[in-house]
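The values are calculated or read from the model by the stated rules, or taken from the named source; none is laboratory data. From a predicted model like this one, the values you see are computed outputs, not experimental measurements. Heads up, the Cβs are rebuilt from the backbone with ideal geometry, glycines too, and the neighbour counts pull from every protein chain shown. What goes into the accessible areas is simple: the full protein's heavy atoms, side chains included, and nothing from ligands, DNA or RNA. Shrake-Rupley method; radii C 1.70, N 1.55, O 1.52, S 1.80 Å.
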Amino acid sequence: MTVVLAAAAAVLFGAGTWLLLQRQLTRIVIGLSLLAHGANLLVLLSAGRPAQPTFVGQSASSSLLDPLPQAFVLTAIVISFGVTTFLLALAYRSFTLTRNDLVQDDVEDRLVARLERRAEELRDLEGSP
Amino acid sequence: MNALLAAPVGLPLAAAGLCVAVGRFRRAQEVVSTTTLIAVTAATVALLLRVDAHGALATQAGGWPAPLGITLVADRFSAVMLVIGALMLLAVLVYAIGQGDVARRHVGFHPVYLILAAGVSAAFLTGDLFNLFVSFEVMLTASYVLLTLGGRLDQVRTGMTYVVISLLASGLFLTAIAFVYASTGTVNLADLADRLAALPPGLRQALVLLLLVVFGIKAAVFPLFFWLPDSYPTAPTAVTAVFAGLLTKVGVYAVIRTQTLLLEGDDRPQELLLWAAGLTMVVGVIGAIANNDIKRILSFHIVSQIGYMVMGLALFTVAGIAAAILYIAHHIVVKTTLFLAGGLVEHRAGTGQLDRLSGLVRTAPLLGVLFLVPALSLAGIPPFSGFVAKLALVDAGFAADRWLLVGTSLVVSLLTLFSMTKIWTGAFWGEPDPEATALRRAPGLMVGPTAALTVLSLVVAVAAGPLLGLTTRAAEDLLDRRNYTEVVTDQ
């Protein structure tokens with residue numbers, strides 16, 4: 001069972017990473033969510049084998065599930081929920097400003113492209129008297 | 001003892017709520033945030049004095065005993081970082097209030113700034129990995145908001161890059177915590193120091209390396225630094241100053257804390273850290289030389305100076321780590337001052353592009369001094385604090401026989417000086433542009449903190465002897481792990 005869940009976490013990580021490398025902002029947001037879910041799943045798995053629910057007195061204390069990772073995961077889920085919301089707001093703001101969903105080019109790349117264009121224009125001017 | 005340890009975290013959080021409540025009145029918000037940060041500074045100074053006199057302090061939040069509960073620990077290293085951090089946050093807040101544009105227009109600036117302060121303090125005080133994760137997240141989320149406050153297109157673009165990289169690092173951190181918990185059954189740092197020793201060496205090194213990668217992304221160590229020069233320059237000046245001064249140093253703090261506490265002797269990735277330090281220094285300064293905008297040059301310098309701090313750590317001797325801590329303290333002060341001075345240049349002349357500035361030393365001489373002192377300090381010119389810190393590092397490097405690294409650090413120092421003179425000659429030297437519009441006056445609240453921080457860097461230089469004594473005691477504490485573990489397990 002744990003192996004299946006670990007494999008599921010691996011699939012989530014893989015899918016999340018692939019989506020993270022896409023151009024569209026919405027896909028990036030979904031990819032990050034998948035990555036966070038994969039990490040949360042791993043934290044859950046670190047509790048060990050499935051066991052009895054952690055109510056003191058219900059069963060022998062040695063057969064109770066470790067509750068600490070569940071507390072970790074709750075915190076982590078809430079954190080990733082908040083940040084995903086912020087990221088979505090940021091993506092929407094980018095959409096209202098640029099009217100498309102794409103990741104912007106890097107500033108340095110655009111600068112290099114602009115300098116190349118200018119150099120080409122200069123060459124054209126000098127080439128044709 | 002409880003109050004002193006909880007104050008740097010609890011006070012800013014409570015004040016953030018208060019700031020939201022009085023959101024209608026900017027003046028009230030400013031008063032609340034300034035008084036809170038003054039109180040936090042006083043508390044951290046008191047904490048440092050107490051910890052230096054009596055040794056590390058620890059407390060359990062909520063009464064749950066270690067290692068199950070949340071531990072707040074302050075040893076000398078944490079206390080030094082707390083004091084410097086609190087001073088920086090206060091100075092930059094006053095600067096931002098003086099600058100007016102971002103602090104005045106957005107009701108969310110002051111609450112989020114205070115939450116950032118709380119997150120940074122929590123990161124320095126926490127005693128377990130998961131609380132470190134939470135405090136990183138608090139700090140990072142506040143930084144996301146501050147970075148994109150204003151909503152312009154370039155801010156949104158760089159904000160997106162920064163958020164995505166940070167989220168990736170957070171996912172990795174959570175994965176590392178999962179693996180650590182699965183292997184050892186605890187996330188308490190003091191407890192981990194014992195339990196990691198019982199693991200097979202390969203697994204132990206893999207866990208610590210994973211943590212090193214996570215904190216390396218935050219600290220902008222080579223080759224994980226690529227996000228920093230892209231995202232820092234577009235934020236408002238005050239925000240960039242705080243990020244440059246503090247956020248990367250929290251990453252460096254986490255690196256130092258985990259590398260010294262969790263591993264021992266031969267297990268430590270010494271060669272890897274030495275190479276990473278050298279490459280970070282070189283790549284950072286080359287990037288600085290290649291650029292033409294003040295903020296961008298300074299951002300690359302951050303990367304380069306992080307290399308120096310990791311170099312001090314990588315030596316893994318008392319002298320090396322003491323020099324690294326002194327370097328961190330000096331660099332936080334100097335970097336913040338440089339960014340504030342750069343912001344003053346932009347405020348007065350209207351631009352930060354070097355090819356559009358000239359002759360500011362004639363038209364704004366005070367600004368020239370405020371830029372020159374930290375710039376020379378960063379390059380390592382005596383008698384400023386940079387010289388003292390670099391001398392300590394070089395000394396420690398020679399004592400550990402790391403000739404190549406010391407040589408690299410000296411060459412990088414020269415190149416840093418070169419790029420600083422590039423800014424100086426571009427912006428300050430030369431004839432003032434006769435067609436330039438008249439310079440705007442800089443308000444006193446902007447010049448004041450910059451001048452105060454410049455004086456502070458001079459104080460660091462003058463008081464270097466006692467400071468190095470303090471950091472040596474801190475380094476001895478770090479390398480002898482029992483100080484930390486005994487204080488925590490005694491709770």
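The table that follows gives values for the structure above.
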| read-out | value |
| --- | --- |
| Compactness of segment B:348-419 - radius of gyration and Dmax, Cα, Å | 16.1, 48 |
| Area of A:R117 that stays accessible when all protein chains are in place (1.4 Å probe, Å², to 10) | 140 Å² |
| Heavy-atom accessible area order for B:R27, B:R76, largest first, 1.4 Å probe | B:R27, B:R76 |
| Residue among B:P383, B:T234, B:V180 farthest towards the positive dipole end of chain B, charges placed on Cβ | B:T234 |
| Alpha-carbon radius of gyration plus Dmax, which is the widest Cα pair, for segment B:167-297 in Å | 16.6, 52 |
| Rg over Rh [alpha-carbon atoms, Kirkwood Rh] for segment B:273-415 | 1.02 |
| Convex hull (Cα only) mean projected area of chain B, reported in nm² to one decimal | 20.8 nm² |
| Value of [θ]222 nm, deg cm²/dmol, for the protein assembly as shown, DSSP H segments ≥ 4, -39500 (n - 2.57) each, nearest 500 | -25000 deg cm²/dmol |
| Accessible area that becomes buried as A packs against B, both chains, 1.4 Å probe, Å², nearest 100 | 2700 Å² |
| Kirkwood Rh in Å, taken over all unlike Cα pairs in segment B:237-322 | 13.7 Å |
| Convex hull volume per residue in cubic angstrom - Cα atoms of segment B:101-250 | 96 Å³ |
| Alpha-carbon spread of the protein assembly as shown, three principal axes, descending order, Å | 89, 58, 54 |
| Alpha-carbon Debye profile of segment B:182-249, log10 I(q)/I(0) at 0.17, 0.25 Å⁻¹ | -0.72, -1.04 |
| Rounded accessible area per residue of segment A:19-129, 1.4 Å, Å² | 65 Å² |
| Where labels lie 7 Å past Cα in the beta-carbon direction, separation of B:R152 and B:L68 in nm | 5.3 nm |
| Count, lysine Cα pairs under 19 Å in chain B, 8 or more residues apart or across chains | 9 |
| Segment B:95-144 and segment A:56-73: distance between their alpha carbon centers, rounded to Å | 34 Å |
| Rg/Rh (Cα only; Kirkwood hydrodynamic radius) as it applies to segment A:34-88 | 1.12 |
| Size descriptor, Kirkwood hydrodynamic radius, that averages inverse alpha-carbon separations across segment B:8-91, Å | 14.1 Å |
| Rg over Rh [alpha-carbon atoms, Kirkwood Rh] for segment B:287-353 | 1.12 |
| Average accessible surface area per residue within segment B:285-389, 1.4 Å rolling probe, Å² | 24 Å² |
| Shielding score for B:155-166, defined as the mean number of other chain Cβ atoms within 10 Å | 5 |
| Segment B:90-170: relative contact order in percent, alpha carbon pairs under 8 Å with at least 6 residues between | 24 percent |
| Geometric extent, Cα atoms of chain A - Rg, Dmax (angstrom) | 24.5, 95 |
| Partner chain coverage, peptide A:60-73 - average Cβ within 10 angstrom | 2 |
| Within the protein assembly as shown: Cβ-based charge dipole about Cα centre, in debye rounded to nearest 20 (Lys, Arg +1; Asp, Glu -1) | 1240 debye |
| Rg(Cα)/(2.2 N^0.38 Å) for segment B:329-371, N = residue count | 1.19 |
| Stokes-Einstein D in µm²/s, Kirkwood radius over Cα pairs - segment B:161-203 at 37 °C with 0.692 mPa s viscosity | 284 µm²/s |
| Interface residues, segment A:31-49 - accessible area loss of 50 Å² or more versus chain alone, probe 1.4 Å | A:L32, A:L42, A:S46 |
| Calculated SAXS-style log₁₀ I(q)/I(0) at q = 0.10, 0.19 Å⁻¹ - segment B:1-151, Debye, Cα scatterers | -0.35, -1.10 |
| Carbon + sulfur, % of accessible area of the protein assembly as shown - ligands and nucleic acids excluded, 1.4 Å | 67 percent |
| Surface accessible to a 1.4 Å probe, B:W424 within the full protein complex, Å² | 40 Å² |
